[in-house]
Amino acid sequence: MRKDIDFNMYENANAVQPLAERMRPVVLNEFIGQNHIIYQNSPLSRAIKNDKLGSCIFWGPPGTGKTTLAGIIANSTDGAFVKLNAVTSGVADAKKVIEEAAKRQNLYGKKTYLMLDECHRWSKSQSDCVLKAIEEGTIIFIGSTTENPYYSMTPAIVSRCHVYEFYALTEQDIVDGLKRALNSQKGLKDLNVIADDETLSYIASFCGGDMRNAYNALELSALTTEPSPNGVELTIDNVRQAMQTKPLSVDRQNYYDMISAFIKSMRGSDPDAAMFWFCRLIESGCDPMLLARRISICAAEDVGLADPMALVVASSALEVFKNIGLPEGRLPLTQAILYIANAPKSNSCVEALEGATAAAREYVTARVPTHLMDHSHKRRGEIRRLQISSFLRRLCRSAISAGKRNG
């Protein structure tokens, strides 16, 4: 057996890690996106920094930072952090974590975080096993899911957690992450990868707001491109081949113009034009999910109450497309496009929302009228006053009636 080979397991593990894993942020300052919940002095940011986070559920599309944020919490807490996957774990695993957490709390006064990935996969009986531990504070539950927890999870669990919704990352978020990977020692700096803003934007536009997909595309493009004397020079053609995407046979401005034409054709009740621009975009390599979302928006914004079924058809088409994808997924989207284009139009929902929003912002101290208040849980004092008031009114009416009789 050879003695001169040094097996460094840690370095070997890092060497084969995907770029997305190597670039995963470990501190809150490195976190990218989700600016609606992670910003300077936001409640969630303060809770993480001060190690005061309660049980919560992170809900959103894949590749948007749910697991990453859970890892940052793990790095910033003084307590224990245990991670389970709902696909491979069950009641026995959860009970073991809870028992160890109780011992840790009693002996050392330390908290325990239980991170459950794909938490919507747990059944009711599995979810019920952690309810008491969450209520008593034995564990702090952090769930991560791509499904709407209000529909896919046990209501008892959801009611005990704060739900944070994660959104698909913007193209600028993706570009920022890719630039960080190009300049980081953990990323691709050693390969001396050169990519201009147009190439990075091309990757960002095709990854659907998923940072993991973007990192995978960048890494594969860099590793499969022949290096030049200046380094690995990435072009849109290199990236296109690595991502296996159809080439957009239009420039960037024309791409957005076609999306605008598609939307305005549905809004203008022109089914032929709407179908033409839909197929033109699909053949050019546009993400079909982007078009599916625009169809749903048009159903609510432009058709609205003129035909409420339009939103049902659009949302059903979007859900079906998620399940079957291309090429068959074009059929339900076509059905929704034709339905919306031929439907009567009404923007009453938009006007109602804008008017009510303006009023709510102007009258921030408006009190609820008495007849609209909740009278089912009145305080005893209020009930007593109402009883006395009712008694006085009856007394007055009796006195008046007696006076009339005497007169």
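Multiplying the residue separation of Ser348 and Lys186 by 0.36 nm and removing their Cα-Cα distance gives an extension gain of 53.1 nm.
Working note: Karplus 6.51/-1.76/1.60 with θ = phi - 60° gives the stretch 153-159 the couplings 10, 4, x, 4, 5, 4, 5 Hz, where Gly and Pro are set to x. By the rule of a C-alpha distance below 19 Å, with chain neighbours fewer than 8 residues away ignored, the aspartates and glutamates paired with Lys264 are Asp272, Asp287, Glu301, Asp302, Asp307, Glu351. Around the amide H of Tyr113, modelled in the peptide plane, lie the amide H atoms of Ala80, Phe81, Val82, Ile140, all under 5 Å away and 5 or more residues distant in sequence or on another chain. By the helix-only formula, in which each DSSP H run with n ≥ 4 contributes -39500 (n - 2.57) and the sum is divided by residues, the chain has a 222 nm mean residue ellipticity of -17000 deg cm²/dmol. Placing a pseudo-label 7 Å from each Cα along the Cα-to-Cβ vector at Arg280 and Tyr39 gives an inter-label distance of 3.7 nm. Within the stretch 34-165, the ratio Rg/Rh, alpha carbon atoms throughout and Rh by Kirkwood, equals 0.94. Computed over the alpha carbons of the stretch 172-243, Rg followed by Dmax gives 10.8, 33 Å.
Taking 0.36 nm per residue of sequence separation and removing the Cα-Cα distance, the Asn148/Ala102 pair yields an extension gain of 13.5 nm. Each Lys and Arg contributes +1 and each Asp and Glu -1, all at the Cβ; summed about the Cα centre of the chain, the dipole is approximately 3240 debye. When you filter the chymotrypsin sites (Phe, Trp or Tyr not before Pro) in the stretch 31-78 for DSSP loop state and at most 14 other Cβ atoms inside 10 Å of their Cβ, you are left with Tyr39. For the set Lys96/Lys124; Lys103/Lys124; Lys83/Lys110; Lys66/Lys186; Lys186/Lys322, the pairs lying more than 24 angstrom apart at their alpha carbons are Lys103/Lys124; Lys186/Lys322.
Under 19 Å from the 7 Å Cα→Cβ point of Asp257, by amide nitrogen: which residues of the stretch 271-288? Once the point is set 7 Å along Cα→Cβ of Asp257, 273-286 turn out to lie under 19 Å by backbone N, inside the stretch 271-288.
Note on the stretch 311-361: Cα convex hull, mean projected area over all directions, 4.6 nm².
Qualifying chymotrypsin sites (Phe, Trp or Tyr not before Pro) in the stretch 281-367, where qualification requires a DSSP coil assignment and no more than 13 other C-beta atoms within 10 Å, comprise Tyr363. Phi angles across the stretch 125-133 convert, under the Karplus curve 6.51 cos²θ - 1.76 cosθ + 1.60 with θ = phi - 60°, into 3J(HN,Hα) values of 5, 5, 5, 4, 5, 9, 4, 4, 5 Hz, Gly and Pro given as x. Neighbour counts of C-beta atoms inside 10 Å place Asp257, Asp374 in the sequence Asp374, Asp257, starting with the fewest.
Once the chain from Gln244 to Ser228 is taken as fully extended at 0.36 nm per residue, the excess over their C-alpha distance is 3.5 nm.
The spacing between the stretch 86-136 and the stretch 280-307, judged by their C-alpha centroids, is 42 Å. A DSSP coil position with no more than 15 other Cβ atoms inside 10 Å describes the following trypsin sites (Lys or Arg not before Pro) in the stretch 19-93: Lys52.
A short reminder: the numbers here are calculations on the coordinates, not readings from a lab. In this text the structure is predicted, and so the values were computed from the model without any measurement. A quick note on method: Cβ atoms are made from the backbone with ideal geometry, for glycine too, and the neighbour counts reach across all protein chains shown.
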